[in-house]
Every structure is written in structure tokens, then in C-alpha cells.
Amino acid sequence: MQPTPEILQVAYRTMRTIRSFEEKLIELVNQGKLGGFLHACIGQEAIAAAVCAHLKDHDYVSSTHRGHGHCIAKGVDVRGMMAELFGRSTGTCRGRGGSMHIADIEKGMLGANGIVGAGIPLATGAALTAKLKKTGGVGVAMFGDGASNQGAFHESLNMAANWQLPAVYVCENNGWGEFTPTEFVVPVKDIAERARSYAMNSMIADGMDFFDVYAKAGEVIARARRGDGPTLLECKTYRFTGHYVGDPLVYRVKAEADEWINNRDPLKLFEARVTGEGLLAADNLRSIDEEVTERITEAVKAAQEAPFPDPSELMQDVYAVN
Amino acid sequence: MSGQSNQPREPREIPTAFAIAEALRIAMASDPNVILMGEDVAGGGRRPEGTDEMGGIMSVTRGLISEFPNQVLDTPISEMGILGTAVGAAVTGLRPVVELMFMDFIGTCLDPLLNQASKFRYMFGGKARIPLTVRTVTGAGMQAAAQHSQSLYWMTAGIPGLKTVIPSNAADAKGLLLAAIRCDDPVVFCEPKGILFLSTDVPEGDYEVPIGKAKIVRVGSDVSLVGMGATVGMALQAAEELARDGISAEVLDLRSLAPLDEDAILTTLAKTGRLIVVDEATPRCGIASDVAALCVDKGFDFLNGPVRRVTAAMCPVPFTRVLEEAYMPSTARIVEAVRSLI
Ligand SMILES: Cc1ncc(C[n+]2csc(CCOP(=O)(O)OP(=O)(O)O)c2C)c(N)n1
Ligand SMILES: [Mg+2]
């Protein structure tokens, strides 16, 4: 499946937006301007962009604590997201959710999630809705290698396989769960192997290569849409920064990280390929960079100028009907 | 306290997190059956080229893997597996201490506590011992939002067979944790965010704070402020403020939520005739309500006015600072409650 130049442009804009958003929030945390628990997904941008390139608003994505990239790729407005991080009333969740709970159901974003593994059955549920209501949509769970050790993962895959749900399980294997290397806690070499227990289709993609993820995600999402069942798609990637913003990273050998950061940066790999093959011009990418920088700067400014919620809103929306 | 002498000693102020680590060190050194299990309790520590600097998300267990390589177990992110395994290990001869990173995560692993550990002794005709401790971080105030800020000890305190304790300072944390680990019942040990990094004077050596005993932490005569965990500090501050207006508040630190030290509560109520209970948790079905009910049920004749509950709001924990502040109990709200009584 070859992406058209239009798709490539959108994908690059998505990846650049994710990168800039995350870089900006790290800067803001360092300036003491943002509170709460924040997790950046720098290094993993290609996966979100490539998977979501195949999705429409009526397709649902569930995400994780490291969810900004998935939200951006699924079309959640970055202004609202930035305002959410600042806890303003103009935030995606009116300041009530914060980084780990950014959600936009209308955009098909079922939410970042503070509970590791919790999103996996949620996407399975979205796939069940799609199947029973024949919406033509799919449910896509984005989650980490660490989450694949949760019962919620195994139970969901089993159910989806049994019911042949239009679901796709995208595991972003970044080699780490917090401060613990994946190989310490996962006995199989590839997370994808786990699909076999459920007689489920599986694939492995190079998560740093937009083109590879795009092709494979395209294939398995189409398969799910056709009614041919779910897939576990493992994308090999790396978390360029710490587990959380502020992580001192003392547990990780620098040479390991440098290897990925210097040689496997998904944005650089993308640029080398599209310019090398004459698919997009470097000028074109630079103007996207500028446009994105402007958008992020503007989002920060708007967020900082926006009001906080009023304390009287505390008890709003606990129930549909009080 | 064992090993105490009458010699005055230099105070040694250390944060609660360090006091907890001291208790773990003492427990593991004194009993090889004590094992520590949890996510990232060692972090990258077992890597030949790595370090043991992390020690969990709150760095409480930093360095323990080097000292106790056979007793510290890093686990996968599998809370149901971790808790269930710990219960099985406890009933067969080990004395596990599980770190459940945040109490909010109890949603993923309630069964081993709710239907297994808590019921074995009774259900098996008194023929089981379940020496299990679950350490878990509770409380709001760090903008950690709806799934990392809850104080769910009311849930575990409400399960017969489970004990639940919550220290308000570093010294009690050490003594209560040692008591919890050595107890043959399953104990949930809460680590409130509000006190984890606060320092108090902590005795050296091995000592236990008995489970089930509350403690008067400030003597007073006009009103009783009953707190637990981080709310004890709030109550003490409120008492300080009230003292300036000539109101004398007594502060009782529950320390143990299950069992509940009913005598201590009724004794202070008998003394002051007015009681306010301050709880970081949501108000329904909780510790504050239990204390209030106790006062009405068994302390009715002592009461000179209503019992007031100062608690969190009955909603999920909001992220943004303004709402999180409105959500949480505070010194100001305690003072206000006292003024409504006196
Ligand atoms: C149920 C639960 N357990 C533990 C945590 C704490 N925690 C947050 S992120 C994380 C690591 C997740 O690793 P992985 O799934 O590989 O995702 P990554 O952070 O690498 O993107 C852990 C243990 C949590 N939030 N929820
Ligand atoms: Mg990971």
C-alpha cells in the first residue's frame, strides 16, 4: 500500500505536531509551568501517524498514559490539548482530566488512560459496537509492551478472536516499561507471538519506519473492516525520553538510547526517504515545520490566556442526571 | 517500642519514604521469608551495567535490590498476578510485601484481597495464616488526576479479614510497616502522598507501632479533631490556628482504620463533647462516616453538638489545581467546621 503525496504530507504534519507538542511540554515542565504526571512519546510518532492515517472519526482508538501522539493523530485539537495540560476551562476535558485522560469521543478518541492495559478492552468494546451495529468501523487499541502483561490484554484478545471482532491491537514495543527492560518481564521474543494463543493474526512492523507501519496497519485494518477478524500488530520502537517528564534516566545506558536517537529517528528516516525518492520536497517539509511551530506556540499562548474552571464546577457531570 | 532507652538522643529527621525503606530493610534482614514484590521496585537494577537508583516510582525501595538480591522481585505489570501470587505465597510460608504503585490500581486486582486473602483464615476454619502486606500510595494534591489520586482505604477497611493502616508521619510509618509485615493477617499499608516526602524524627533500629491503636497527637479540651494520614497534619495546623482564638482542639491520629480504635475515639469525645473527623477520601461509605456513626451510636451521651465530617467531594479527583483544591479537605475547612460548632 503506497501512500500518496497528500497522505505523506498529512502524516508528516502529524508526526511533526506530535514531536513539537512533546518538546514544548518538556520545556514548559522545566520552566515549572505544568503540573501533574506527564509522559512524552518522542520517538514513537510514526506509529500513531501511520495507524491513524487509515482511520475515520467513526473508528475508535483507545490510548495510554503516553497518549498525546495518539490523540493528535486521531484528530484531537492541539489547542484543546494544550489548554488541558494547563488545566484551563478551554481544555479538551475542561481541565478536569489532564494529560492522562485526554479524550474526544466525537473524534473517535476513547481517551488516554492512567491504568495500564485498561484501554485494550475498551477498544474491543468499540469493535463489538461496530460489529453489532454494522457501522463499518474498527476498534484500535494502542498500548505498550508492558501492558501486554496484563490480564486485560489476554482476555480481550481471546474475546476478540472468538467473536471475530473488527479490532486491531497495536503494541508499541519501546523496550521499556517504566524503568524495567521488557526482556526482564516478557518471556517471548516478540509480543506478536502472543497472538498465537488466541489463533489471532499477527504482524511485526518497524515502528520507526512510517512506510512499514502504514502498509501493515493498512492491511490489518482493512482485514478487520472486511469482517476477517482481529490482528495483533507489534511495532518495534523506542522511547527517546524518560518514562515521565523529569525522569532522571539513571537506569538506562546512554549508548543504547543514543543508537536509536541518532540512527532511528522516525522523522529523520521519513524525511530521508520522501526526499530521496522525490515524494515530497525538503522545502515542503520545512514549511510544514514552520506552520506546526506556529500552531504550537499559538496553542500555548491561548492556553495561558484562558481562564481556569470555576471552583463551583467541581460537582458538574458526575452523573448524567443528578 | 523495643530497644528504647531513657537516654535522650539526637533527633534524626528523615522523610517517610526513607522510614519505609528502613522498615523494609529491617524486616528483610530479620526474616528471609520476607520478600518484596512490585513493578519497578528494582527498576533497571538487575542489569549488569545498570543501577539500582530507581526503586519504584516514588524511589522508596531504592538500593534494596543490591542488599537483598534474593528477596526483591521486580514483577511484570500484572497486578492480578502479583497480588494473587503474593496471597498464594503468604499462605504457604513466605511473608510477602507487595507494592501496589497507586491504590487506584486496586481496581485491577481486587479479587485476591476481597475473596481470597481476607477470607482464608475464617473460611478455612482458622487453619490458615496470611502474612501479607500491601503497600500502596494514596491521596490527592499532586495533580495526578482521577486515576492516580484516590484514597480507597475505605474499600479495604470495609472488608472483614483485611486490616488497613495509614501513618501520618515518618516514625509511625516505620513502626506500623514493621508491625504490618510481622502480622499474620493481610494488611493494607497506605502511603499518603501528602506525607511521603515530609520528614519527622525517626528512631533508629527495630520497633513496632501496634496495629489498632490510635494516638493523641495534641491535647485539647474544646473539640476533638480526628484525622488519618495526611489529614492529621491539616488537623494539627487547624488546632494551631484555633488556639490563637482561644479554642483548644485535641487531635487524634487514627493510624489504623481497620481495626478502628473505638475506645480512643470515644475517650476524646467524652472529654471534649465535640468531634470533627477529617478524611481525604470521598464521603460515602467511608471512615469519616464510620467515626460519625460510632459517636452517635456509642457516644451519644457525650455529644454537645453534631459530628462534622470534613472529607473530599463526592466526585472523581479533578486534574486542574483550582478544582483539586476545592475537592480536597483543608485546614481552612476544618477551622470553618469547628467554628460552626463553637
Ligand atoms: C494498572 C497499572 N499498573 C501500573 C501503572 C504504572 N505505570 C504507568 S506506565 C507504566 C509502564 C507501562 O509500560 P508500557 O505498557 O510498556 O508503556 P510505555 O510506558 O513504555 O509507553 C506503569 C507500570 C499504571 N498506571 N497502571
Ligand atoms: Mg514500553
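The values are calculated or read from the model by the stated rules, or taken from the named source; none is laboratory data. The structure presented is a predicted model; accordingly, all values stated were derived computationally and were not measured. Virtual Cβ from ideal backbone geometry, glycine too; neighbours counted across all protein chains shown.
In region A:25-89, which helices (runs of 4 or more DSSP H) lie fully inside it and hold 1 or more residues that are touching a residue at least 24 places away in the same chain (Cβ under 8 Å) and within 11 Å of the chain's Cα centre (by Cα)?
Where helices (runs of 4 or more DSSP H) fall fully within region A:25-89 and carry at least 1 residues being touching a residue at least 24 places away in the same chain (Cβ under 8 Å) and within 11 Å of the chain's Cα centre (by Cα), they are A:45-52, A:68-73.
Hand me the list of helices (runs of 4 or more DSSP H) wholly inside region A:106-185 holding 1 or more residues that are away from chain B (no Cβ under 14 Å) and of a type in the set (S, T, Y).
A:119-133
Can you find even one residue in region A:98-107 that is more than 27 Å from A:F210 (Cβ to Cβ), within 16 Å of ligand 1 (Cβ to nearest atom) and either at pLDDT 95 or above or within 15 Å of the chain's Cα centre (by Cα) (or both)?
Yes, region A:98-107 contains at least one residue that is more than 27 Å from A:F210 (Cβ to Cβ), within 16 Å of ligand 1 (Cβ to nearest atom) and either at pLDDT 95 or above or within 15 Å of the chain's Cα centre (by Cα) (or both).
Has region A:145-163 got any residue that is more than 16 Å from ligand 1 (Cβ to nearest atom) and in contact (Cβ under 8 Å) with a residue 60 or more places away in the chain?
Yes: region A:145-163 contains one or more residues that are more than 16 Å from ligand 1 (Cβ to nearest atom) and in contact (Cβ under 8 Å) with a residue 60 or more places away in the chain.
When you look at B:A332, is it assigned to a loop (DSSP other than H, G, I, E, B), more than 9 Å from chain A (Cβ to nearest Cβ) and under 15 Å from B:T231 (Cβ atoms), yes or no?
When the stated conditions are applied, B:A332 does not pass them.
Scanning region B:101-115 for residues that are away from chain A (no Cβ under 14 Å) and surrounded by fewer than 22 Cβ atoms within 10 Å (Cβ to Cβ), which turns out farthest from A:G114 (Cα to Cα)?
The qualifying residue farthest from A:G114 (Cα to Cα) is B:N115.
One residue is enough: does region B:116-135 have a residue meeting the conditions more than 13 Å from ligand 1 (Cβ to nearest atom), in contact with a helix residue (DSSP H, G or I) (Cβ under 8 Å, 6 or more places away or on another chain), closer than 27 Å to B:P283 by Cβ and in a helix (DSSP H, G or I)?
no
Counting only residues that are near ligand 2 (Cβ under 10 Å from one of its atoms) and on the phi > 0 side of the Ramachandran plot, which one in region A:154-197 is surrounded by the most Cβ atoms within 10 Å (Cβ to Cβ)?
Going through the qualifying residues, I end up with A:E178.
Among residues belonging to region A:101-121 that are touching a Gly at 6+ places or on another chain (Cβ under 8 Å) and under 15 Å from A:Y169 (Cβ atoms), point out the one that is nearest to ligand 2 (Cβ to nearest atom).
Checked region A:101-121; the qualifying residue nearest to ligand 2 (Cβ to nearest atom) is A:V116.
Would you pick out the residues in region A:90-105 that are facing chain B (nearest Cβ under 9 Å), in contact (Cβ under 8 Å) with a residue 24 or more places away in the chain and in contact with a His (Cβ under 8 Å, 6 or more places away or on another chain)?
A:S99, A:M100
Taking A:F211 and the conditions (1) out of contact with any strand residue (DSSP E or B) (no Cβ under 9 Å at 6 or more places or on another chain); (2) hydrophobic (A, V, I, L, M, F, W, C); (3) within 14 Å of ligand 1 (Cβ to nearest atom); (4) away from chain B (no Cβ under 14 Å), which numbered condition does it fall short on, given that it satisfies the others?
All conditions are met except number (3).
Which ones in region B:71-95 are within 9 Å of chain A (Cβ to nearest Cβ), assigned to a helix (DSSP H, G or I) and touching a strand residue (DSSP E or B) at 6+ places or on another chain (Cβ under 9 Å)?
Within region B:71-95, just B:E79 meets the criteria.
In contact with a helix residue (DSSP H, G or I) (Cβ under 6 Å, 6 or more places away or on another chain), surrounded by fewer than 22 Cβ atoms within 10 Å (Cβ to Cβ) and among the basic types (K, R): which single residue out of B:R309, B:R284 fits that description?
B:R309
So A:C171 passes all but one of these: (1) near ligand 1 (Cβ under 10 Å from one of its atoms); (2) under 30 Å from A:T90 (Cβ atoms); (3) in contact with a Leu (Cβ under 9 Å, 6 or more places away or on another chain). Which condition number does it fail?
All conditions pass for A:C171, except number (2).
Restricting to region B:306-329, name every residue that is more than 14 Å from every other protein chain (Cβ to nearest Cβ) and more than 16 Å from B:V232 (Cβ to Cβ).
Within region B:306-329, B:P306, B:V307, B:R308 qualify.
Can you find a residue in region B:239-250 that is surrounded by fewer than 18 Cβ atoms within 10 Å (Cβ to Cβ) and within 21 Å of B:A179 (Cβ to Cβ)?
no
Matching residues to (1) within 14 Å of chain B (Cβ to nearest Cβ); (2) β-branched (V, I, T); (3) touching a strand residue (DSSP E or B) at 6+ places or on another chain (Cβ under 8 Å):
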site: A:E27; (1), (2), (3): no, no, no
site: A:G32; (1), (2), (3): yes, no, no
site: A:E45; (1), (2), (3): no, no, no
site: A:L55; (1), (2), (3): no, no, yes
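State yes or no: is B:L225 surrounded by 22 or more Cβ atoms within 10 Å (Cβ to Cβ) and closer than 18 Å to B:L303 by Cα?
Taking the combined requirement at face value, the residue satisfies it.
Only one of these is among the hydrophobic types (A, V, I, L, M, F, W, C) and not in a helix (DSSP H, G or I): B:A146, B:A171, B:A180. Name it.
B:A146
Name the single residue, out of those in region A:294-319 being acidic (D, E) and within 13 Å of B:A326 (Cα to Cα), that is surrounded by the most Cβ atoms within 10 Å (Cβ to Cβ).
Going through the qualifying residues, I end up with A:E313.
So which residues in region A:47-61 are crowded, with 24+ Cβ neighbours inside 10 Å and more than 16 Å from ligand 2 (Cβ to nearest atom)?
Of everything in region A:47-61, those that are crowded, with 24+ Cβ neighbours inside 10 Å and more than 16 Å from ligand 2 (Cβ to nearest atom) turn out to be A:A49, A:A50, A:V51, A:C52, A:D59, A:Y60, A:V61.
List the pairs whose first member sits in region B:252-273 and is closer than 23 Å to B:M155 by Cβ, whose second member is of a type in the set (S, T, N, Q) and part of a loop (DSSP other than H, G, I, E, B), and whose Cβ atoms are under 6 Å apart, counting only residues at least 6 apart or on separate chains?
B:D253/B:S168
Enumerate the helices (runs of 4 or more DSSP H) found wholly within region A:246-322, keeping only those where 1 or more residues are touching a residue at least 12 places away in the same chain (Cβ under 8 Å) and touching a Ser or Thr at 6+ places or on another chain (Cβ under 6 Å).
Answer list for region A:246-322: A:282-305.
From the list B:V98, B:V60, which residue is of a type outside the set (G, A, S), away from chain A (no Cβ under 12 Å), assigned to a loop (DSSP other than H, G, I, E, B) and closer than 25 Å to B:D184 by Cβ?
Only one candidate qualifies: B:V60.
Can you give me the number of residues within region B:58-99 that are within 24 Å of A:G144 (Cα to Cα), hydrophobic (A, V, I, L, M, F, W, C) and buried (at least 22 other Cβ atoms within 10 Å of the Cβ)?
Result for region B:58-99: 4.
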